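Report on one structure; see the data block that follows.
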Amino acid sequence: MPRPMAIVLIFPVAVIVAALTAWSSLALWYRLPLPDGGRAIGAGVFLLFGLFSVAALASRLRIKALLSFAIVFALVLFWWNSIKPEANAAWAPDVARQVTGRLDGNSLTLTDVRDFEWRSNSDFTERWTTRTYDMSKVRTVDLFMSYWAGPKIAHVIFSFGFEGGEQLAWSIEVRHKVGGGFSPLADLFKNDPLVVVAADERDVVGVRSNVRGEDVQIYRLRASAEQARNLLLEYVAEANALARTPQFYNSITTNCTTTVAKLMRVAGDKVPFDWRLIVNGYLPDYAYDRGAVDTSMPLDRLREIAKIDVRARADGLSPDFSKAIRLGVPLPVVVATP
């Protein structure tokens, strides 16, 4: 084979082998059930093997090298697919329980609704409750954005409003163990399971605005009561499914934003793919462009109004927290479809 043609054919193969080597080495580092030293050795050996395979592509050993790499990578892939989320572990208290729901007519009963009283990240009163909601009284759905690492990344919470003013917030989170924490890179490699939390707003929103000092914003969504009910039922279905079959959180493919997008599609809403579903700090921009929030003012003005921090801290996590943080935030008009 002429040398230029060989280079053209070998280069993309070398890129693929290098990428699979990097992924496999990280997977072994993060998930091998060994002490740090053993994981380092396992990841290092595979990395050297992969680099040797890439180098061998430029020699007469290329076919043997490719076959050897394919066999070893297949073994790694078999091991990887055998890793399942833990059903029971020493979970951190705030994600220790997975909410579940049962629908009987219009009556929705939720078990393990979180109602923590937070004084600091490490000082709190733990409460889990069972509650019943009348689905015929669901009226609104609001989007909370909690910015914890600059303007590009945020945690997403949806909250459903009922006739009479009651709010029920849903948060899709990493179920980390006691002493663990959120790591975007580690959570690409089956590090922690996914958990769905249903909670009072002064718990799941208030801990972020009043305790952790995050920049929390609220956007009232243009959704009909029927759309809100359908989305709430999809949250319940997702929670029940996770209770039956745990799955891993993934920083890119299965996180608080991508899972919500999936639920909204199942509930009947059109959610075209957009890069802002991944770089989710720009989700309000996406919602604004699609007319899902109030568009009677510029987005920059709406974003300023949406910031709840001052109102939340002035309220101090009182029983009127949900009402206080919505003061001055516009609720867009829902246009009835003919």
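The values are calculated or read from the model by the stated rules, or taken from the named source; none is laboratory data. Here the structure is a predicted model, which means the values were calculated and not measured. FYI the Cβ positions are ideal-geometry reconstructions off the backbone, even for glycines, and counts take in every protein chain you see. Heavy atoms of the whole protein, side chains included, go into the accessibility calculation; ligands, DNA and RNA do not. Shrake-Rupley method; radii C 1.70, N 1.55, O 1.52, S 1.80 Å.
For a protection proxy built on the mean count of beta-carbon atoms within 10 angstrom, sort 143-151, 177-185 highest first, please.
Numbers: 143-151: 16.9, 177-185: 12.4.
So the peptides 143-151, 177-185, ranked by packing, come out 143-151, 177-185.
Counting only other residues whose beta carbon sits under 12 Å from that of Arg220, what net charge do I get with K and R as +1, D and E as -1? Please report the intermediate quantities before stating the final value.
On the way: positive: Arg139, Arg222, Arg326; negative: Asp142, Asp294.
For residues surrounding Arg220, the net value is +1.
Percent relative contact order of the chain, based on C-alpha pairs within less than 8 angstrom and at least six residues apart?
Working: 533 pairs, mean separation 54.6, N = 338.
Normalised by residue count, the contact order of the chain is 16 percent.
At a 1.4 Å probe radius, carbon and sulfur cover how many percent of the accessible area of region 126-185? Mind showing how you got there, number by number?
Details: 1350 of 2500 Å².
For region 126-185, the apolar C and S fraction of the accessible surface comes to 54 percent.
As I understand it, the value is the acute angle between the Cα axis of helix 225-244 and the longest principal axis of the Cα atoms of the chain; what does it come to in degrees, rounded to 10?
In the chain, helix 225-244 runs at an angle near 50 degrees to the longest axis.
Which shape class applies to region 112-177: rounded if a/c is under 1.5, otherwise prolate when a/b exceeds b/c and oblate if not, where a ≥ b ≥ c are the square roots of the Cα gyration tensor eigenvalues? Mind dumping the intermediate values first?
Working: a/c = 2.27, a/b = 1.26, b/c = 1.80.
Oblate, since a/c reaches 1.5 and b/c is not below a/b.
Full extension from Leu32 to Asp215: what is 0.36 nm times the residue separation minus their Cα-Cα distance, to one decimal in nm?
Details: separation 183, 0.36 × 183 = 65.88 nm, distance 3.69 nm.
Extra length available between Leu32 and Asp215 comes to 62.2 nm.
Could you sort the peptides 115-127, 191-203 by per-residue average Cβ neighbour count (10 Å cutoff), highest mean leading?
Values: 115-127: 12.7, 191-203: 24.1.
Taking the mean over residues of other Cβ atoms within 10 Å, the ranking is 191-203, 115-127.
What does the charge dipole of the chain about its Cα centre add up to, to the nearest 20 debye, if the Cβ of each Lys and Arg holds +1 and the Cβ of each Asp and Glu holds -1?
Working: 38 positive and 34 negative charges, 262 e Å.
Around 1260 debye, computed over the chain.
Given a 1.4 angstrom probe, what's the average accessible area per residue across the chain, in square angstrom?
On the way: 16920 Å² over 338 residues.
Per residue, the chain has an accessible area of 50 Å².
Once both axes come from the Cα atoms, what is the angle between helix 3-31 and the longest principal axis of the chain, in degrees from 0 to 90, rounded to 10?
60
On a 0 to 90° scale, report how tilted helix 62-81 is relative to the longest principal axis of the chain, with both axes built from alpha carbons and the result rounded to the nearest 10.
Approximately 30 degrees, to the nearest 10.
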